[in-house]
Amino acid sequence: MDLGNIVNELVAAMQAQEDRGTVASYIPELAKIDPGQFGIAIATADGRMLAGGDADTGFSIQSVSKVFALTLALGKVGDQLWERVGREPSGNPFNSITQLEHEQGIPRNPFINAGAIVVADVNLGGHQPRVAIGEMLRFVHYLSGDDSIAIDEAVAASETATGFRNLALANYMRAFGNVRHDVDLVLGNYIHQCAMEMSCRQLALAGRYLMLDGRHPDGGRVVSPRRARRINALMLTCGHYDASGDFAFRVGIPGKSGVGGGILAIVPGRASIAVWSPGLNANGNSCLGTLALEELARRTGWSVFSPLEEGD
Ligand code: GLU
């Protein structure tokens, strides 16, 4: 299998696509992004990097950050986290409030907004948001081996000015006692974490620990093998909001999307893949990013549902 060739052909096919979806506009700063972009980067378990298109252009990783935030929170409180956040797909939009009422302020999973806000509350740990954000940045720098990754302050300010729904979710959970810090501090942490700007190359590098059973490529251990498997399981079942089932069906590997148009996808033992194209489909997932991953999985045979690597 010539992966470099597949990447080049995928980039050409995606650049020729006319239906690119719609760029997210509820965070005004994101609405300014040119939808004509597409990037892909694949970090392989044997240490190669294959990249194409706009793989070095920075974008707002948004909800993809929830994977790194979850990893940090599990490091702090371990399985106690599951007393405050569930592990079931939501079947509802990423910012649903009604489900929270039925479930007494315990969000369905750590990848919908309510769950990620609880995770941000855990990661705050009694500190100011800038302390928690500093920790997050150091973690992502370590994972990717790239210290240049930073927060896009314009995106953070834009979401701070308009994020009324997340404020409602946080207040609602505070009423149930499931958010423990001041909601402004929790959202400050959450919004800045979402506003990290990364390129596909940086994101694929940062995801390597999840393809390596929890190990950093430098040999250090980021999380235990069991924890890496569980995070991958959550990405597969909950990583694409209420389209997670469809993503598992079409692509067949764990992935986490964000409204900035990025997706981090993990093929255990094989590859950490980042794709980015800012236009979203009706479920808020990158339109071309999903299509590219579907095609990549088809051509490589990569799937968590098959022991064989056979494209079709
Ligand atoms: N910061 C975004 C929000 O809370 C993240 C959403 C996403 O990427 O799905 O609305």
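Taking the Cα centre of segment 128-270 as the origin, how large is its charge dipole in debye, to the nearest 20, when only Lys and Arg (+1) and Asp and Glu (-1) carry charge on their Cβ atoms?
Dipole magnitude for segment 128-270 comes out near 720 debye.
How would you classify the chain from its alpha-carbon gyration tensor, with a ≥ b ≥ c the square roots of the eigenvalues: rounded for a/c under 1.5, else prolate if a/b is greater than b/c, otherwise oblate?
Note, shape of the chain comes out prolate.
By how many nm would the segment from ALA161 to ARG270 lengthen if fully extended, with 0.36 nm per residue of separation less the alpha-carbon distance?
35.1 nm
Can you tell me the dipole magnitude for segment 54-155 around its Cα centre, using point charges on the Cβ only (Lys, Arg +1; Asp, Glu -1), in Debye to the nearest 20?
Charge dipole of segment 54-155: 300 debye, to the nearest 20.
Ignoring any ligand, DNA or RNA, what whole percent of the accessible area of the chain comes from carbon and sulfur when the probe is 1.4 angstrom?
Roughly 50 percent, rounded to a whole number.
For the charge dipole of the chain, defined by +1 on Lys and Arg C-beta atoms and -1 on Asp and Glu C-beta atoms about the Cα centroid, which residue among ALA120, PRO254, LEU293 has the Cα displaced farthest towards the positive pole?
Checking the options against the dipole of the chain, the answer is ALA120.
Which residue, chosen from ILE27, HIS102, GLY78, occupies the Cα position most advanced towards the positive end of the dipole of segment 13-126, where the dipole is computed from +1 (Lys, Arg) and -1 (Asp, Glu) charges on Cβ about the Cα centre?
GLY78
Using only Cα atoms and rounding to the nearest 10 degrees, what angle (0 to 90) does helix 287-300 make with the longest principal axis of the chain?
Its long axis makes an angle of about 50 degrees.
With only Lys, Arg, Asp and Glu charged, each at its Cβ (+1 for the first two, -1 for the last two), find how big the charge dipole of segment 5-68 is about the Cα centre; round to the nearest 20 debye.
Values: 4 positive and 8 negative charges, 44 e Å.
For this selection, approximately 200 debye.
Between the helical axis of 164-175 and the dominant principal axis of the chain, each derived from Cα atoms, what acute angle in degrees is found, rounded to the nearest 10?
Orientation of helix 164-175: about 50 degrees from the principal axis.
Once the Cα atoms of helix 153-162 and of the chain are each reduced to a long axis, what angle between those two axes, in degrees from 0 to 90 to the nearest 10, is obtained?
Result, in degrees: 50.
If you take the beta carbon distance between THR98 and HIS127 as r and set R0 to 45 Å, what does 1/(1 + (r/R0)^6) give as a FRET efficiency, to the nearest 0.05?
0.90
The values are calculated or read from the model by the stated rules, or taken from the named source; none is laboratory data. Computed from a prediction, not measured in an experiment: that's the story for all the values here. Every residue, glycine as well, gets a Cβ built from its backbone with ideal geometry; the counts of neighbours run over all protein chains shown. Side chains are part of the model used for accessible areas, which takes the heavy atoms of the whole protein and leaves out ligands, DNA and RNA. Shrake-Rupley method; radii C 1.70, N 1.55, O 1.52, S 1.80 Å.
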